[in-house]
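Visitor: This is the structure I have questions about; it appears just below.
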Amino acid sequence: MLLLAAGGALAGIINTVAGGGSMLTVPLLVLAGVPGNSANGSNRLGILTSTASATMSFRRLGVDGLSRSVPVLVPTLVGSFVGSMTISRLPDRTFEIVFGVLMIPLIVMTVRKPKAREGVEPWAMWVTVLVFGLIGIFGGAFQAGIGLVLLAALTRAGFDLVMANSIKVVVSLTVTVVALPVFLLSGKIVWLPAIVLAIGFMVGGWLGAHVAVRGGEKLIRTAMVLASIALSGRLIGLY
């Protein structure tokens, strides 16, 4: 349980600074004996506390992504519902293998974190709806890595990394609000590990907002990549 709390705190920081913290916490839940799809559902409680904490921290630090996130929320939320309904029907072992394989490209995205682009032409409305709808489906299904995907889309749209991080947190929060009840009604939440993890996530979200605003993410991202490679191999069944 202490490992889950510590992992949740680290993942909360990672999710806020860059994204991909669930690549640590979902495998940790599986290693703690929680079945794959239940680990995916239980992890959402921690994401809820982490993103809520980070959103409030960003606002207190003078970076408010809430008003800037409105145009992308509707397609993201619709996609989130579709993704969570679909993934909740997968067998547990199938989910674990799919998740383990999915971690590999997400690790690459972590290493190659997007940079803000100046003078980028904004996407047409239909492109925005399509892109963020697909991101919503991905986030509703897996959650892990949605922050990285959101950062890639938001920086492509011309936001600086601090504002993109703030918008990313708001969108992740709303995606979780939509997806969590689906897993709850499907009986895919194991409450004790979920609550312990959520406490760690909440602390990490608060700390992560400060790290994101002040800089200093290199060490965190390096540690996350190494841990994710090890956990990916464990989920796939390499050892």
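Visitor: Quick check on my filter: what residues within the stretch 1-53 are under 14 Å from the mean Cα position of the chain (by Cα) and of a type in the set (Val, Ile, Thr)?
Guide: The answer is ILE13, ILE14, THR16, VAL17, THR25, VAL26, ILE47, THR49, THR51.
Visitor: With the requirement that a residue be touching a helix residue (DSSP H, G or I) at 6+ places or on another chain (Cβ under 7 Å) and either of a type in the set (D, E, K, R) or modelled with pLDDT of 80 or more (or both), what does the stretch 114-138 give you?
Guide: Scanning the stretch 114-138 gives LYS115, ARG117, VAL129, VAL131, PHE132, GLY133, LEU134, ILE135, GLY136, ILE137, PHE138.
Visitor: Now for a separate question. Among the residues of the stretch 78-100 satisfying the criterion of being buried (at least 21 other Cβ atoms within 10 Å of the Cβ) and out of contact with any Lys or Arg (no Cβ under 9 Å at 6 or more places or on another chain), which is farthest from VAL131 (Cα to Cα)?
Guide: Once the filter is applied, the top-ranked residue is GLU96.
Visitor: Wholly within the stretch 152-239, which helices (runs of 4 or more DSSP H) include no fewer than the required count, namely at least 1 residues that are more than 21 Å from THR76 (Cα to Cα) and at pLDDT below 85?
Guide: Fully inside the stretch 152-239 and qualifying: 191-214, 218-236.
Visitor: For SER38, are the conditions met, namely being more than 14 Å from VAL175 (Cβ to Cβ) and in a helix (DSSP H, G or I)?
Guide: In short, yes.
Visitor: Only residues in the stretch 85-104 that are under 21 Å from LEU148 (Cβ atoms) count as the first member; pair them with residues that are among the hydroxyl-bearing types (Ser, Thr, Tyr) and assigned to a helix (DSSP H, G or I), Cβ under 7 angstrom, at least 6 apart or cross-chain, and list the lot.
Guide: Going by the 7 Å Cβ cut-off, the qualifying pairs are GLY100/SER232; MET103/SER228; MET103/SER232; ILE104/SER232.
The values are calculated or read from the model by the stated rules, or taken from the named source; none is laboratory data. In this text the structure is predicted, and so the values were computed from the model without any measurement. Note that each Cβ is placed from the backbone with ideal geometry, even for glycine, and that neighbours are counted across all protein chains shown.
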